[in-house]
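*Asks:* Submitted below is the structure of interest, expressed as structure tokens.
The values are calculated or read from the model by the stated rules, or taken from the named source; none is laboratory data. Every value quoted in this text rests on a predicted model; they were computed, and no experiment measured them. All Cβ positions, even for glycine, are placed from backbone atoms using ideal geometry, and neighbour counts span all protein chains on display. To get the accessible areas, we keep the full protein, side chains included, count just its heavy atoms, and leave off ligands, DNA and RNA. Shrake-Rupley method; radii C 1.70, N 1.55, O 1.52, S 1.80 Å.
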Amino acid sequence: MKVLIGGYTKKTSKGIYEFNFIGADEYAHLENSKNIIEVGGPTYFQKDDNLVFAVTNAGDKGGVSVFKAGANGYEKVDEYLTPGSSPAYIGINRNKHLLYTANYHTGVINVFSYSEDGKLALLASDTHTAKSIGPRPEQADGPHPHFFDETPAGNLVCCDLGNDTVDFYKFDGKKLTLAASYKNEAGFGDRHIAFSKDGNYFYVAGELSSKVNLVKFDENTWKFEDIATYSTIPSDWDQHNGVAAIRISKDGRFLYVSNRGNDSIVVFAINDDHTLKLVQRISTFGEFPRDFNWDKSEKYVVAANQNSDNATLYLRNSDDGTLSPIQKDIQVPEGTRVEFEE
């Protein structure tokens, strides 16, 4: 097993780094870091077998670059670039060979198809407008799509940090059509979303509010019911914090959120009625954990700390959801995205 970590390339990073995963249980650790893909600013990427689709910052242009693994390492096989900033997120459907990108700065969401060889084709786009801009300074300059991916029923969903909305789309293979929008409280700062195992609820991570909003919804009628909202930070926390990644364990029993500022991962137990109960708030032993991820078994978790150039490896208890650090200060520059490779 290997772990891939990519991120910004503003300081010393050259792109995407690969670590060997050695050992098991409390003796597991990452070692032998090497730069496997040189690319500008791969702050998010997805992998499909021997293909890697990476966010790319190429000077005054941004987009997606595709790399294919071969006998001599990874080679760039295609890219799609447009003037302006690069996307913030890439989603993927490996069965349908589809990619979904959200561009925080330009407001554009895209749907691409890709071939077995990694060739990209743009299928559809939509540009968000300032329909419900929030009151916080980070929202003043307009809409900010931060996530674009699939729903449980196969529709598409976008979180817009600027508009405080979750926007749902129909996609017919050629065109995106807005189906419904859910509006969070002003200043919430919708960043990422996770869906319950039964597909009838979703949890929105609010970057600007440091909250998680639980919503019941119906993908047939597009009815939404605001159930509850939970803080991710201690009640006495008075410094800056921004929520980042959110994930639900595949058994549907636990939800995890990273805090940038409080520099922690928060663990919630998911009750039978889908409400949340705080279980743990554990340090990431670094600064600004934008992303964390787990292996296929969800036994091991890696959190990448962007500002302190390090990562932390945890052992996850599947019974109570808690995390135990087993390796700290794993050196990796400017990490913002973690992906396990089985």
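*Asks:* Mind checking which of A124, P152, P135 is farthest towards the positive end of region 115-190's charge dipole, using Cβ charges of +1 (Lys, Arg) and -1 (Asp, Glu) about the Cα centre?
*Replies:* Toward the positive end, the furthest listed residue is A124.
*Asks:* Among all the aspartates and glutamates, which ones have a C-alpha under 13 Å from K175's C-alpha, if same-chain residues fewer than 8 places away are not counted?
*Replies:* Leaving aside aspartates and glutamates fewer than 8 places away in the same chain, those within reach of K175 are D126.
*Asks:* Under the Karplus relation 6.51 cos²θ - 1.76 cosθ + 1.60, θ = phi - 60°, what is the ordered set of whole-Hz ³J(HN,Hα) values for region 218-233, x standing for Gly and Pro?
*Replies:* So the Karplus estimates, Gly and Pro as x, are 10, 6, 8, 9, 6, 8, 10, 10, 6, 8, 6, 10, 10, 7, 9, 10 Hz.
*Asks:* Right, next: Which of the aspartates and glutamates could be linked to K277 by a straight reach, that is with a Cα gap under 12 Å, when you skip same-chain ones fewer than 8 residues away?
*Replies:* Those aspartates and glutamates meeting the cut-off are D320.
*Asks:* Could I ask something else about it? Sorting check: for 164-174, 71-81, which peptide has the highest mean count of neighbouring beta carbons within 10 Å, and how do the rest follow?
*Replies:* 164-174, 71-81
*Asks:* Right, here's the next one. Whenever you get a sec, line up R281, R316 from highest to lowest accessible area (probe 1.4 Å, protein heavy atoms).
*Replies:* R281, R316
*Asks:* Separate question: Rounded, prolate or oblate: pick one for the chain, where a ≥ b ≥ c are the square roots of the eigenvalues of its C-alpha gyration tensor, a/c under 1.5 means rounded, and failing that, prolate if a/b is larger than b/c, else oblate.
*Replies:* Taking the square roots of the gyration eigenvalues as a ≥ b ≥ c, the chain is rounded.
*Asks:* Taking the Cα centre of the chain as the origin and placing charges on Cβ (Lys, Arg +1; Asp, Glu -1), which of S113, Y74, N293 is farthest toward the positive end of the dipole?
*Replies:* S113
*Asks:* Another question, if that's okay. Where the centroid of each part is defined by its Cα atoms, how far is region 23-45 from region 112-188 in Å?
*Replies:* With region 23-45 and region 112-188 each reduced to a Cα centre, they are spaced 29 Å.
*Asks:* Suppose every Lys and Arg Cβ carries +1 and every Asp and Glu Cβ carries -1, with no other charges. What dipole size does region 287-338 come out with about its Cα centre, to the nearest 20 debye?
*Replies:* 120 debye
*Asks:* Residue-wise, which Karplus ³J(HN,Hα) couplings in Hz belong to region 74-81, taking 6.51 cos²θ - 1.76 cosθ + 1.60, θ = phi - 60°, and x for glycine or proline?
*Replies:* For region 74-81, the Karplus-derived couplings read 8, 10, 5, 10, 6, 7, 10, 10 Hz, x marking Gly and Pro.
*Asks:* Among the lysines, which fall within straight-line cross-link reach of K14, defined as a Cα-Cα distance under 23 Å, with same-chain neighbours fewer than 8 residues apart omitted?
*Replies:* Leaving aside lysines fewer than 8 places away in the same chain, those within reach of K14 are K2, K34, K47, K61, K68, K76, K328.
*Asks:* For region 232-288, report the accessible area per residue in Å² (1.4 Å probe, heavy atoms, rounded to an integer).
*Replies:* 43 Å²
*Asks:* Loop-only chymotrypsin sites (Phe, Trp or Tyr not before Pro) in region 222-282, please: DSSP not H, G, I, E or B, and at most 15 other Cβ atoms within 10 Å.
*Replies:* W222, W237
*Asks:* Residue-wise, which Karplus ³J(HN,Hα) couplings in Hz belong to region 275-289, taking 6.51 cos²θ - 1.76 cosθ + 1.60, θ = phi - 60°, and x for glycine or proline?
*Replies:* Taking θ as phi minus 60°, the curve returns 6, 10, 10, 5, 10, 7, 10, 10, 4, 9, 6, x, 10, 6, x Hz for region 275-289.
*Asks:* Treating the beta-carbon of each Lys and Arg as +1 and of each Asp and Glu as -1, no other charges, what is the dipole magnitude of region 125-217 about its Cα centre, to the nearest 20 debye?
*Replies:* 200 debye
*Asks:* How do S235, S132 stack up against each other in accessible area, from largest to smallest, with a 1.4 angstrom probe?
*Replies:* The ranking, largest first, comes out as S235, S132.
*Asks:* Tally Lys/Arg at +1 and Asp/Glu at -1 over every other residue whose Cβ is under 14 Å from the Cβ of S132; what's the total?
*Replies:* With Lys, Arg at +1 and Asp, Glu at -1, the net is -2.
*Asks:* If I compute solvent accessible area with a 1.4 Å probe over the protein chains, what percent of it on region 117-207 is carbon and sulfur?
*Replies:* Ligands and nucleic acids excluded, carbon and sulfur give 49 percent.
*Asks:* Still on this structure, please answer the following. What percentage of the solvent-accessible surface of region 26-70, computed with a 1.4 Å probe over protein heavy atoms, is contributed by carbon and sulfur atoms?
*Replies:* Carbon with sulfur: 40 percent of the solvent-accessible area.
*Asks:* Classify region 186-329 as rounded, prolate or oblate from the Cα gyration tensor: take a ≥ b ≥ c as the square roots of its eigenvalues, call it rounded if a/c is under 1.5, otherwise prolate when a/b beats b/c and oblate if not.
*Replies:* Because a/c hits 1.5 or more and a/b fails to exceed b/c, region 186-329 counts as oblate.
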